[in-house]
Amino acid sequence: MEAGGSHVLMKFTIEVGRYNPEGTYADNAKQGAPYPAPWASSPPRRYQTYEVDLPEHAVVLDALIEIREYQDESVAVRCACRSAICGSCAMWINGHANLACKSKLQEFTKDGKTRVESPPSMPVIRDLVWDMKPFWDNHRRVTPWLVNKPLPPPMQEYRVANEAMEELIQEVTCISCGCCLMDCESFAVNKDFLGPHALAKAYRYAGDPRDATTQQRLGEYSKDGGVWDCTHCFECVQQCPKGVEPLEQILKLRRMAVNAGFTHNAGTRHADAFAESVKHSGRLNELTLLPKSVGFFNIFGQLATLPSAINMIRAGKLPPIIHKTIPGVKRIKAIFDKVGGRFK
């Protein structure tokens, strides 16, 4: 079938997750949305199927607008620029965060259909429109602006060396769409975690030589819910539509914080224990990793880990009592010595 004499129309099937305030998570599972942890408590929804005829190059947003305008005006979807600039149309597509305006239907059609819905780890306003309040709340927590140094104002604009700003170019491309936070497994189970977007923004300001509060920022970012709560799931790297790679910015903040002396925390102790174990034996000593991370003399912290230890024993995953050194461990130690730094 031809459209306008040039474009071939194709039939696409779209499953839209409609917000269902009367439902439960169990209803989600019955409808084919058995979200694994950590999204098991996602807002209830029901799924409605639509068919649309669109050109082969059409994107998911084209289909949603077609549905809203010509089939069901009650479908709620948020969009603006349609050019992958504003970030408004970020949503879950086939189980992961994407911008609907740049997701080609042909590429996202699986088993003959494309499923779109609001992100399970976020509150829902209606249908595909999710509440960005948690996103912006965390954004504000990192003080997303520069604090002037107490210096006399210059006669002309402030100048910054090119090499200093080149370190920040990657983060500046962020469009605040929320894709990274939508798929962040740490945030899904811990709402106190600042999240990849906020921490990437945090690096943009902490790494700016014009800022007067870098030391204070690093202290705040090193607290619970900050840089050390990232578990390296890499979802933010994979789903960011602009290549910001928030995890890379989080790792930079960690290094800055450690170099600034903010090391009295479980995250730094965990990194130290990890490196010490590998350097000593060539492999990770899981039996001592958790006690060293929590702190050997932190009695309450140690007691809090008992349920996890008991579960590991029940599952038959107790680490070996005798920790053995691998052959050729001298080569591992040589690598540490060559790299140097904190773990030499």
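The values are calculated or read from the model by the stated rules, or taken from the named source; none is laboratory data. This is a predicted model, so every value here is computed, not measured. All Cβ positions, even for glycine, are placed from backbone atoms using ideal geometry, and neighbour counts span all protein chains on display.
Looking at residue 71, is it farther than 30 Å from residue 36 by Cα and in contact (Cβ under 8 Å) with a residue 12 or more places away in the chain? Working first, answer last.
Values: farther than 30 Å from residue 36 by Cα: yes; in contact (Cβ under 8 Å) with a residue 12 or more places away in the chain: yes.
Here the answer is yes, as residue 71 does meet what is asked.
If you check residue 324 against the conditions, is it more than 28 Å from the chain's Cα centre (by Cα) and among the basic types (Lys, Arg)? Spelling it out, residue 324 is indeed more than 28 Å from the chain's Cα centre (by Cα) and among the basic types (Lys, Arg).
Considering only helices (runs of 4 or more DSSP H) fully contained in the range 205-299, which possess at least 3 residues that are under 19 Å from residue 195 (Cβ atoms)?
Details: elements: 214-221, 235-239, 246-259, 266-281, 286-294.
Here the list reads 214-221, 235-239, 246-259.
Out of 239, 216, one residue alone is farther than 22 Å from residue 183 by Cα and either in contact with a helix residue (DSSP H, G or I) (Cβ under 6 Å, 6 or more places away or on another chain) or modelled with pLDDT of 95 or more (or both). It is 216.
In the range 79-107, the qualifying residues are those that are at negative phi and more than 21 Å from the chain's Cα centre (by Cα), and the one that is surrounded by the most Cβ atoms within 10 Å (Cβ to Cβ) is 105.
Being modelled with pLDDT under 80, under 27 Å from the mean Cα position of the chain (by Cα) and at negative phi: is that true of residue 44 here?
Here the answer is no, as residue 44 does not meet what is asked.
Quick check: anything in the range 49-59 closer than 30 Å to residue 191 by Cβ and surrounded by 13 or more Cβ atoms within 10 Å (Cβ to Cβ)? Looking for residues that are closer than 30 Å to residue 191 by Cβ and surrounded by 13 or more Cβ atoms within 10 Å (Cβ to Cβ), one finds none in the range 49-59, hence no. Of all residues in the range 171-192, those that are in contact with a Cys (Cβ under 8 Å, 6 or more places away or on another chain) and aromatic (Phe, Trp, Tyr) total 0.
Of the residues contained in the range 130-143, one or more are found to be of a type in the set (Val, Ile, Thr) and either surrounded by 22 or more Cβ atoms within 10 Å (Cβ to Cβ) or in contact with an Asp or Glu (Cβ under 6 Å, 6 or more places away or on another chain) (or both).
Evaluation of residue 147 against the conditions (1) farther than 30 Å from residue 205 by Cα; (2) in a loop (DSSP other than H, G, I, E, B); (3) not charged (D, E, K, R) shows that the sole unmet condition is (1).
Just to be sure before I move on: is residue 174 at negative phi, assigned to a loop (DSSP other than H, G, I, E, B) and of a type in the set (A, V, I, L, M, F, W, C) in the structure I sent? Answer is yes for this residue. If the condition is being surrounded by 12 or more Cβ atoms within 10 Å (Cβ to Cβ) and either assigned by TED's automatic domain parsing to the domain that holds residue 40 or more than 24 Å from residue 102 (Cβ to Cβ) (or both), then the range 153-187 contributes 158, 160, 164, 165, 167, 168, 186.
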